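Rule-based calculations on the coordinates, nothing more; no lab input. All of these numbers come straight from a predicted model, not from anything done at the bench. Using ideal geometry, Cβ is built from the backbone for each residue, glycine included, and neighbour counts are taken over all protein chains shown.
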Amino acid sequence: MNARPRPLTAALTVLALGGSLAACSGSSAQSGGDAKEITVYSADGLKAEDGKGFYDQAFQDFTAATGIKVNYVEGGSGEMVQRLLREKSNTKADLVVTLPPFIQSAASQGLLENYRPAGSDKVADGDKDPAGAWTSVVKNYLCFIYNSKELDTPPKTWDDLLDGRYRNKLQYSTPGVAGDGTAVLIKAMHDFGGIQGATDFLGRLQKNNVGPSSSTGQLAPKVEKGELLVANGDVQMNFANRPAMPHQAIWFPAAKDGRPSTFSLPYAAGLVKNGPHQENAKKLLDHLLTQEVQQQATTLAGGFPARTDVTPGGENAAGLSRLLDGVELFTPDWNDIDANLKSYVGAWKQATGS
C-alpha cells in the first residue's frame, strides 16, 4: 500500500505521466482527437508520492499500450468542477474524476458528455449515471479517523465529539469545497433527521473545531502527529495511509441509536464535454474499467472495485471487509443533494459561522 500524496491546495499542480508535460490549452486544431495526450482533472487520493499508486500504475500501463501521455491535474472535488465551469468556453480537461455530489453537479450543469465505457455494464446501477454521464471507477466510503496512540478507543457517537478533550483537536474538511467534507454534512443529515438537525449539531460542535480545510488529505498527517485527535476522511485514503501513518485509525460515528453508519463515496469519472481529446479520454476510461485495473483498486488504492464481477483477494481485501463489518450502509438521495446542495452548505455556514 502507498501513502496518499500530500494535498495540492495552494495551487493546482500539473504532472505529466509518460513524458514531459505539454501545454493542454492549445486550440482544437493544435490538440485534436489524434493528439497523443489527454488531460485528467481529479480529486486527490489515487496517486502516490512514491509513484506506486493506483493512478501511477494505471496511467503508466495506458501510456505504454497506447502511446497517449496523461497530463494530471489534482485538487478538491468541488475545486475541479469549478475549474471546469471557468474553462467552459475554452475547455482544457478531457476526463474529470470527483466524489459525489460533485460528479452529479458537473452532469447537471452540462459539463459532461454521455459515454458508457466498456465494462460499465458490470457496474451497479447506483454507482453510475443512468444516461452515461459518469461511471464509478473506484468505490469508497466516508469514514473518520482518530489518533490511536492518544486515544485507547475511538469516540462512538457524534455526541462524544462534544467533549472538552476535543477542543481544538478536531477538524473536518469544508462542505461544499471538499468531497469528504460535504460527505460529513450528508451523513449528519442522515443521522440527525435532516438539514436542521445536522446544522444544529454541527453548530454546537464548532466550539471544538479547529476551522476550515479545503482538502481532507491535509488532516491525516495532523492526526498521525497528534495535532488533531479526530478528523474526517475516507476509507480508501486512510486505509492506504496505514504504513506511513500507523497512528491514524479508522472509525465510523454512530447516531444516538449507537449504530455506526456510512455511505458509498466513489471516485466517479465523466467525459468532459467539448474536451480537446475526447477519443483518448474514452480509451482511458475503458482502461480504468478493465478487470486488471479494477483489481488494483484494492491492491494499490486501498479501495473497492467498481465492477461487481471483480472480487479481489489477499490481505487488503480482508482488511477492508473487516472495517465495514457491522457498519450500516445507507444511500443518500443524490438528486435531492444535487438540487439543494447550495442551500444545505449555506445553512451549514450560517450555523457554524464559517
Put a dot 7 Å past each Cα toward the Cβ at Arg322 and Lys52; how far apart are the dots in nm?
2.2
At a Förster distance of 30 Å, what's the computed FRET efficiency of Ala65 paired with Glu87, Cβ-Cβ distance as r, to 0.05?
0.55
Neighbour net charge for Leu323 - beta-carbon separation under 15 angstrom, K R +1, D E -1:
-1
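Ranked from highest to lowest mean number of other Cβ atoms within 10 Å per residue, what is the order of the peptides 296-305, 315-324?
On the way: 296-305: 25.3, 315-324: 14.5.
Ranking the peptides 296-305, 315-324 by packing returns 296-305, 315-324.
Report D for the chain in µm² per second (integer): Stokes-Einstein, Kirkwood Rh on Cα pairs, 10 °C, 1.306 mPa s.
Numbers: Rh = 20.3 Å.
After rounding, the answer is 78 µm²/s.
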For segment 41-141, inverting the pair-averaged 1/r of distinct alpha-carbon atoms gives a Kirkwood value in Å of 14.6
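Considering all alpha-carbon pairs of segment 168-208, what whole percent are spaced by more than 14 angstrom? Display every interim value, and only then the final one.
Values: 378 of 820 pairs.
Summing the P(r) tail past 14 Å for segment 168-208 gives 46 percent.
In nm, what is the difference between 0.36 nm times the number of residues separating Lys149 and Gln109 and their Cα-Cα distance? All intermediate terms of the calculation are to be shown ahead of the outcome.
Values: separation 40, 0.36 × 40 = 14.40 nm, distance 4.49 nm.
Taking 0.36 nm per residue and subtracting the Cα distance, the gain is 9.9 nm.
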Vicinal HN-Hα couplings computed from phi for segment 121-126 (Karplus, 6.51 cos²θ - 1.76 cosθ + 1.60; Hz; Gly/Pro x):
5, 9, 8, 4, 4, x
